[in-house]
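Below is one structure, written out as structure tokens; comments come after it.
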Amino acid sequence: MQYVATIDLIIVIIYLVLLFVVGIVVGLKETAEDFLILSRKAKAYLVLFSVVSSWVGIGTIVGTAAGGFDTGISVGFLAVTSALIGVVSVVLLAPTIKKFGDKFKAHTLGDFFRVRYSKKNQFLVGGIIILAYFLMTATQFTGLSMLLQLWTNLSFEITILIAALTTITYTAFAGIKSDFYTDIVHFWVMVLVLFGILFPIVLRSVGGFGALGNLPSSYFNPFSFGGITLFIGGIIFGIGASLISMEIWQKIYASENIKAARRALAMSILLIIAFYALAMFFGMATKILYPSLPNRDMAIFTLMKNQLPTGFLGLGVAAFLAVFISSVNTTIMVITASLTKDFYKGAINPAANDKQMLKAGRILTIAAGLAGLIFAYLVRDILTLSTTALLMLLVFLPAIFGGFFWKRATATASFYSILLGFICALFLLPKMPTTAFVPGFLVSLIMFVVLSFFTSHSKSEITELT
């Protein structure tokens, strides 16, 4: 197997060293508020690039390109529609979330459940979030290890150790503040490599857009992947998934004002669609250029390795590694914020000052990262499990909407709807590994509505959130 050239390896190392230097230097000057939500001072452009980087991660690019290779436009069409509906939903709810966050100094999704319902709700939600994002962190480590193995001759054990220790160290120092700034660099490097260099080279190699017409007609059926049913489900999922993603709440909390949050989210739609469309094209182009490719997930990496010239290949690899690091940073920071605010300050040390919060945050970041590393070592096939765990967070949705817009909603209804919905999904997981979240969500919705009518408000509840 041919590995990267020396010049490409040098470029990768230089890029990552600079990334770490910037992240750590910025991180050493931050407070606990900076570490968790940038002291609620993020400009619109910072939020914009951070949202796009979170939404369009490695999984998005690799998965959409794989879908383009396998079925054509259908996966990309579903992803674009789901993302469009999801972002629009967040744009509409962003003012409400931002007002709540500023009024109650919120840092996490658990803070919403504490204020609106009870501390018991906060602990339950925080625990489920930690579990889901813990699995996602392990998945990111595994994915980054696979990418390193593709370009080197190192073993899984060595590459995952390198991947984990570097990202854990970076995140422990950088926090969310550095992540906001480095996301700008990641974004423009990805634009340069994918749009500015790889796209015109691949377009010329396949013989222009007209060459795509040589693919089977099914490749241009927007519903060939899963049919109409999955498409409708994708729209519903797009609304729900965006509103239960704690990293999106964190970015809204971090915005300097409502206008900045809404403007950034609205502008992100066009950029997200552009990345999906490009990844879809790359997948279809790979089908033309390398029709016998054994692993569809390698479509985008195969194009990079065979089409990018020396030097730019190193920049491309560095960009993908940086996006991976950014993705891991995001998942670990969600865990850290939940552990620090929902459990450390919420239960262990309620009187913790800024210095204690920052110290606890960094220690918990290292602990969370190492736990994810251990899990990735022990269980290597965790992609389906981690995706399912995130989908299970949809059991939060009734209580979130009810908490904001239905004064009849009660703490008891919220707690038991989430608990029973989550237990239902876990119970059905062995038999329905990819769809167990659906009955779980339905149980949560029904229990929330019924119990809200038959239970009373507790003294801890605050119904006026904005």
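Which residue pairs have Cβ atoms closer than 6 Å, lie 6 or more positions apart in sequence or on different chains, and pair a first residue in the stretch 402-414 that is free of Cβ contacts under 8 Å to residues at least 60 places away in the same chain with a second residue that is outside any helix (DSSP H, G or I) and surrounded by 22 or more Cβ atoms within 10 Å (Cβ to Cβ)?
These pairs meet every condition: GLY402/ALA409.
Would you point out the residue of the stretch 266-287, among those that are in contact with a Ser or Thr (Cβ under 6 Å, 6 or more places away or on another chain) and of a type outside the set (Ser, Thr, Tyr), that is surrounded by the fewest Cβ atoms within 10 Å (Cβ to Cβ)?
Within the stretch 266-287, the match that is surrounded by the fewest Cβ atoms within 10 Å (Cβ to Cβ) is MET280.
When the stretch 347-358 is examined, which residues are found to be surrounded by 15 or more Cβ atoms within 10 Å (Cβ to Cβ) and either closer than 14 Å to LEU28 by Cα or outside the structural domain of THR336 (by TED's automatic domain parsing) (or both)?
Of everything in the stretch 347-358, just one residue is surrounded by 15 or more Cβ atoms within 10 Å (Cβ to Cβ) and either closer than 14 Å to LEU28 by Cα or outside the structural domain of THR336 (by TED's automatic domain parsing) (or both), namely LEU358.
Which of (1) in contact with a Leu (Cβ under 8 Å, 6 or more places away or on another chain); (2) aliphatic (A, V, I, L, M); (3) crowded, with 22+ Cβ neighbours inside 10 Å; (4) modelled with pLDDT under 95 does LEU394 not meet, given it meets every other one?
(1)
Applying the selection to the stretch 420-437, what residues are buried (at least 18 other Cβ atoms within 10 Å of the Cβ) and assigned to a helix (DSSP H, G or I)?
LEU420, GLY421, PHE422, CYS424, ALA425, PHE437
Mind checking which pairs have a first residue in the stretch 265-283 that is in the same structural domain as SER205 (by TED's automatic domain parsing) and a second that is among the aromatic types (Phe, Trp, Tyr) and part of a helix (DSSP H, G or I), Cβ under 6 Å, 6 or more apart or different chains?
ILE272/TRP55; GLY283/PHE69
Give PHE123, PHE141, PHE173 a once-over and let me know the one that is of a type in the set (Phe, Trp, Tyr) and crowded, with 24+ Cβ neighbours inside 10 Å. I'd like the intermediate steps shown before the answer.
Numbers: PHE123 fails: crowded, with 24+ Cβ neighbours inside 10 Å; PHE173 fails: crowded, with 24+ Cβ neighbours inside 10 Å.
Going through PHE123, PHE141, PHE173 in turn, just one is of a type in the set (Phe, Trp, Tyr) and crowded, with 24+ Cβ neighbours inside 10 Å: PHE141.
Quick check: is even one residue across the stretch 48-71 assigned by TED's automatic domain parsing to the domain that holds SER178, on the phi > 0 side of the Ramachandran plot, modelled with pLDDT of 80 or more and touching an Asp or Glu at 6+ places or on another chain (Cβ under 6 Å)?
no
Could you identify the single residue in LEU278, LEU243, LEU265 that is of a type in the set (A, V, I, L, M, F, W, C), at pLDDT below 95 and within 23 Å of TYR219 (Cα to Cα)? Full working, then the answer.
Numbers: LEU243 fails: within 23 Å of TYR219 (Cα to Cα); LEU265 fails: within 23 Å of TYR219 (Cα to Cα).
Exactly one residue qualifies, and that residue is LEU278.
Looking at (1) surrounded by fewer than 19 Cβ atoms within 10 Å (Cβ to Cβ); (2) of a type outside the set (Phe, Trp, Tyr); (3) modelled with pLDDT of 75 or more, which is the only condition MET190 fails?
(1) is the only condition that MET190 fails.
The values are calculated or read from the model by the stated rules, or taken from the named source; none is laboratory data. This one's a predicted model, so the numbers in the text were calculated from it and none came from an experiment. Here the Cβ is made from the backbone with ideal geometry for all residues, glycine too, and neighbour counts use every protein chain on show.
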